[in-house]
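The values are calculated or read from the model by the stated rules, or taken from the named source; none is laboratory data. Remember, it's a predicted structure, so these values are computed and weren't measured experimentally. Here the Cβ positions follow ideal geometry from the backbone for every residue, glycine too, while neighbour counts run over all protein chains shown.
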Amino acid sequence: MLSRRSVRVKVLQLLYMLNRDEDLKFTDMVKGYNDGIWKAYELYIFQLYLLLKVTQQAESDAQTRAAKLLPSDDDRAFKPVLYSNNCTKSLATHVGFLNLVEKYKPTLEIDPDLIRRMYYLFAETPEYKTYIAAESLSDADHAKILLELYKFLSANDIYLEMCEDRYNNMSDDESLVAGAMKKTLKGMPVSGPFYEEHAPADETVREFGEELLRKTNLEDAALFAEINPMLQNWDADRVAILDMIMLKMALCELLHFPTIPTKVTLNEYVEISKNYSTEKSKDFINGILDRLMKQLQQSGKIVKEGRGLIE
């Protein structure tokens, strides 16, 4: 699930914290990095669990309708198919997933009234009404309504607040988790360890992210020495802190990560700067890195593995 861009953002945030707080130890940053990487995965499990809890409300809905003294035709015809179908049941009875629920405890501090409210709001949508009125439904139909439910929840303030209150990484990892959720729901019914493909991979987490964090921190002075002459009319002391950290991280990648193409490094930090720094940062980052790359290539300091990785 984790992309290299999301790893870069987490490294950027930790290096910024280290820059602003002299009492922080680098060992704490490494621990914070690894903990933060797994938070995205936990958020994915949490969102799956919330969706499952909302579908379970269909059974309560059926019981409420059946208990009416004067049930309508719709009440009599209603069946809790949102929960009782093969797709939802494959998740509700999946031992591996339930073990992860037990591990990460998404069940804690969830207000059942909020779950109930989200279900009944979804029950008013045309998509759900069409779904429960259908005479026959396939697994593809069930997977489609679960995806519709997730899209509905993702735009619901109650759902968003529940995620944000529990996970402070929600804003950074939201799109990443959304991609994992959609892939899981489109692949319903689930089977086997479906969740493992979204767990942090060692290559991304340790070999890239942790090493980027470590090298950028340890070689801070040397990286600055390379960057400073490129600033030209800029006063180094007046460069935004985040911009300087991004430049150091990018330079670290150029020098020490031979399998990452130079253009990828440049483009990634320009894109990150759009969301995490000032309005002018993208042009500043792009200009400095472009000059740095040209000088380093001329001096032979950039060594990349594989054809076309430098161009």
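Yes or no, residue by residue, for (1) within 18 Å of Y150 (Cβ to Cβ); (2) more than 19 Å from the chain's Cα centre (by Cα); (3) outside the structural domain of M181 (by TED's automatic domain parsing):
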site	(1), (2), (3)
L14	no, no, no
E22	no, yes, no
L48	yes, no, no
T107	no, yes, no
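Mind checking which residues of the range 222-251 are acidic (D, E), modelled with pLDDT of 90 or more and over 26 Å from the mean Cα position of the chain (by Cα)? Matches in the range 222-251: E226 only. Residue under question is L218, and the condition is that it be within 22 Å of V30 (Cα to Cα), touching a residue at least 12 places away in the same chain (Cβ under 8 Å) and of a type outside the set (G, A, S); does it hold? Judged against the criteria, L218 is not a match.
Being surrounded by 15 or more Cβ atoms within 10 Å (Cβ to Cβ), of a type in the set (S, T, Y), at negative phi and in contact with an Asp or Glu (Cβ under 8 Å, 6 or more places away or on another chain) holds for only one residue in Y16, Y33, Y41, and it is Y33.
Just checking, does the range 228-240 include any residue being surrounded by fewer than 16 Cβ atoms within 10 Å (Cβ to Cβ), of a type outside the set (F, W, Y) and under 19 Å from G209 (Cβ atoms)? So far as the range 228-240 goes, no, none of its residues is surrounded by fewer than 16 Cβ atoms within 10 Å (Cβ to Cβ), of a type outside the set (F, W, Y) and under 19 Å from G209 (Cβ atoms).
One line per residue, one yes/no per condition, for (1) out of contact with any His (no Cβ under 8 Å at 6 or more places or on another chain); (2) under 13 Å from W38 (Cα atoms):
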site: L160; (1), (2): yes, no
site: E164; (1), (2): yes, no
site: A180; (1), (2): no, no
site: H198; (1), (2): yes, yes
site: T204; (1), (2): yes, yes
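When each of K304, K294 is tested for being farther than 25 Å from Y16 by Cα, of a type outside the set (G, A, S) and without any contact (Cβ under 8 Å) to a residue 40 or more places away in the chain, the lone residue that passes is K294.
Determine if the range 135-151 includes at least one residue that is in the same structural domain as D73 (by TED's automatic domain parsing), surrounded by 14 or more Cβ atoms within 10 Å (Cβ to Cβ), part of a loop (DSSP other than H, G, I, E, B) and in contact with a Cys (Cβ under 8 Å, 6 or more places away or on another chain). Within the range 135-151, not a single residue is in the same structural domain as D73 (by TED's automatic domain parsing), surrounded by 14 or more Cβ atoms within 10 Å (Cβ to Cβ), part of a loop (DSSP other than H, G, I, E, B) and in contact with a Cys (Cβ under 8 Å, 6 or more places away or on another chain). Checking each residue in the range 274-295 for being at pLDDT 90 or above, of a type in the set (K, R) and either assigned to a loop (DSSP other than H, G, I, E, B) or more than 18 Å from C252 (Cα to Cα) (or both) picks out K274, K282. The set of residues from the range 158-189 being crowded, with 18+ Cβ neighbours inside 10 Å and in a loop (DSSP other than H, G, I, E, B) comprises Y167, N169, M188. Within the range 95-118, the set of residues being in contact with a helix residue (DSSP H, G or I) (Cβ under 8 Å, 6 or more places away or on another chain) and either closer than 17 Å to L185 by Cα or aliphatic (A, V, I, L, M) (or both) comprises G96, F97, L100, V101, I110, L114, I115, M118.
Every test in (1) of a type in the set (D, E, K, R); (2) touching a residue at least 24 places away in the same chain (Cβ under 8 Å); (3) outside any helix (DSSP H, G or I) is passed by E22 save one, and that test is (2).
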